[in-house]
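Everything below concerns the one structure shown next.
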Number of protein chains: 2
Amino acid sequence: MKDVFDKSSVPSPLERVKERLTLVKVGGKIVEKPESLNRFLAAFSKIEGYKVLVHGGGRSATAMATRLGIESKMVDGRRITDEEMLKVVTMVYGGLVNKQIVAGLQVLGVNALGLTGADLNYMRSEKRPVTDVDYGFVGDVKEVNAGILSDLIAKGVVPVLAPLTHDGAGNLLNTNADAIAGETAKALAKYFEVRLMFCFEKRGVLLNENVEDSVIPALNLELFKKYVAEGIISGGMIPKLENAFEAINAGIKEVVITRADLIHTNGGTKICK
Amino acid sequence: MKDVFDKSSVPSPLERVKERLTLVKVGGKIVEKPESLNRFLAAFSKIEGYKVLVHGGGRSATAMATRLGIESKMVDGRRITDEEMLKVVTMVYGGLVNKQIVAGLQVLGVNALGLTGADLNYMRSEKRPVTDVDYGFVGDVKEVNAGILSDLIAKGVVPVLAPLTHDGAGNLLNTNADAIAGETAKALAKYFEVRLMFCFEKRGVLLNENVEDSVIPALNLELFKKYVAEGIISGGMIPKLENAFEAINAGIKEVVITRADLIHTNGGTKICK
């Protein structure tokens, strides 16, 4: 029989006041097309409790750059952001994509507020130092002002974060959306019990990549290492999951990898301690 | 001798709690060039007390449309906004211009927050009905949610409003920046003692248009009518001033017409009751 006075089941005062917040990262492939974006937004609007959305937009930026006759230069899948490309990503991420998402969420009763790191000075970054590669106007996250975000969230506002930050010296910087999602989630973990969700083209991490139904429901570090050793988890999924475990170690309650149109369900792969 | 108990000099409780707010409208000509924009932002940052900035961006949008091979169609100086042009203004107003202003203000210690009407659902509009002219995706302001703006302002946030609104059905609409400035000022007059400033290429309304120093310091309706009758005030300045008097009648304390780099000084032409 369970001891009703077992102290381990009594949450600490801090834990007790923390409410659940879901932070979803959605990539450029889904936000590029109105159909997939709208399906995603409908699913996002159904998530209960506090929430935050971080979006990419790389494909839309590449398409706009091409129309403007600007070449998209990539090194190892990372964009080189020269002055002209910075204007393109500022327009596309901060304007076109962000505001279409905000307007689309308002119809669904979600009180969205589109932000770059410069807005409310919520996220500062540092221009990435030039080593072998000069990435140009690309920022590595340095500081998250989570207090101002958490105040808005507690009032029912849903921040929609574009992958742009600022250096505090007047320059906007192109910033990886996964990094923004991870750093924001970690900073908000002080105020909320944060669940971080990454949208993926599959239903989750699969035991057999050809069988969509073979989703691994939960992964801890031990199981992850076992699957990697057995070759069940391989390729690009390995760094993705390593990042997820890093987030868990930094105070995030749970990381979920699932399909964009299923984020409101309880499916996908849950990464936990 | 003045009667110290003269009731007319005692402010009502509501007036007593109202603090001063300056709402500045700046046009596309000034925001287009980094030099004039930075001079303007420096002056704006020096305005004391609560403040709001409304910006245009028509020239930047026209330039971007040209680069994209999209023709800018105008009727009586008003832009026709078809689907392609709506994308351009969403990118340019909501992204490029708005975020450059926000990042530029953060350097100056101004906690700016860039907004379109869709963000926080702060301004809804209605697509302009088709009459002789089909203006396309152009919105006429219908509703201002000033409560959420005033809460942010009272916390020291400086809203930077792009000339874009939404219809609440998922569509962004291109909206005249003067209209946004006027409607926002009127709605905020419930919470603040609002001063509305329009930036102009001259130091104010001039007695002699060739003499920059001949600024008319103050104009009431009577004086305005006299100057119009005498031909001192003519042309495009007449509807500008009529709008200013309309704003005064709608509860705005003072309207000022001055030069963009002088908004922090006490100059310009003051329009008052």
| request: May I ask you to list the residues in segment A:119-140 that are part of a loop (DSSP other than H, G, I, E, B) and of a type in the set (V, I, T)? | output: A:V130, A:T131, A:V133
| query | helices (runs of 4 or more DSSP H) wholly in segment B:141-257 with at least 3 residues that are of a type in the set (D, E, K, R) - which ones? | reply | B:177-188, B:221-229, B:237-249
| For the subset of segment B:101-118 comprising residues that are more than 7 Å from chain A (Cβ to nearest Cβ) and assigned to a helix (DSSP H, G or I), which member is nearest to the chain's Cα centre (by Cα)? | B:I101
| Looking at segment A:161-185, which of its residues are farther than 17 Å from A:V26 by Cβ and surrounded by fewer than 21 Cβ atoms within 10 Å (Cβ to Cβ)? | A:D167, A:G168, A:A169, A:G170, A:N171
| Just checking, how many residues over segment A:210-236 are more than 26 Å from A:I252 (Cβ to Cβ) and charged (D, E, K, R)? | 3
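State whether the residues of segment B:87-104 include one that is closer than 21 Å to B:K190 by Cα and crowded, with 24+ Cβ neighbours inside 10 Å.
The initial filter retains those residues of segment B:87-104 that are closer than 21 Å to B:K190 by Cα, namely none.
No, every residue in segment B:87-104 fails to be closer than 21 Å to B:K190 by Cα and crowded, with 24+ Cβ neighbours inside 10 Å.
Restricting the search to segment A:28-50, which residues are outside any helix (DSSP H, G or I) and of a type outside the set (A, V, I, L, M)? Steps first, answer last, please.
Initial filter on segment A:28-50 (outside any helix (DSSP H, G or I)): A:33, A:46-50.
A:K33, A:K46, A:E48, A:G49, A:Y50 - these are the residues of segment A:28-50 that are outside any helix (DSSP H, G or I) and of a type outside the set (A, V, I, L, M).
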| note | The condition from (1) outside any helix (DSSP H, G or I); (2) facing chain B (nearest Cβ under 7 Å) that A:V92 misses is numbered (1)
| When residues of segment B:119-129 are limited to those that are in contact with a Leu (Cβ under 6 Å, 6 or more places away or on another chain) and within 7 Å of another protein chain (Cβ to nearest Cβ), the one surrounded by the fewest Cβ atoms within 10 Å (Cβ to Cβ) | B:L120
| said: Just to verify a result, which residue in segment B:159-175, among those that are within 10 Å of chain A (Cβ to nearest Cβ) and hydrophobic (A, V, I, L, M, F, W, C), is farthest from the chain's Cα centre (by Cα)? | reply: B:A169
| field | Single residue of A:I248, A:I216 found to be at pLDDT 95 or above and surrounded by 14 or more Cβ atoms within 10 Å (Cβ to Cβ) | value | A:I216
| Options B:Y227, B:Y191; residue that is closer than 30 Å to B:I148 by Cα, hydroxyl-bearing (S, T, Y) and surrounded by fewer than 23 Cβ atoms within 10 Å (Cβ to Cβ) | B:Y191
| said: If I filter segment A:64-83 down to residues being more than 11 Å from chain B (Cβ to nearest Cβ) and closer than 25 Å to B:V102 by Cβ, which single residue comes out as surrounded by the most Cβ atoms within 10 Å (Cβ to Cβ)? | reply: A:T81
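The values are calculated or read from the model by the stated rules, or taken from the named source; none is laboratory data. All values reported here derive from a predicted model rather than from experimental measurement. No Cβ is skipped: glycine too gets one built from the backbone with ideal geometry, and neighbour counts run over all protein chains shown.
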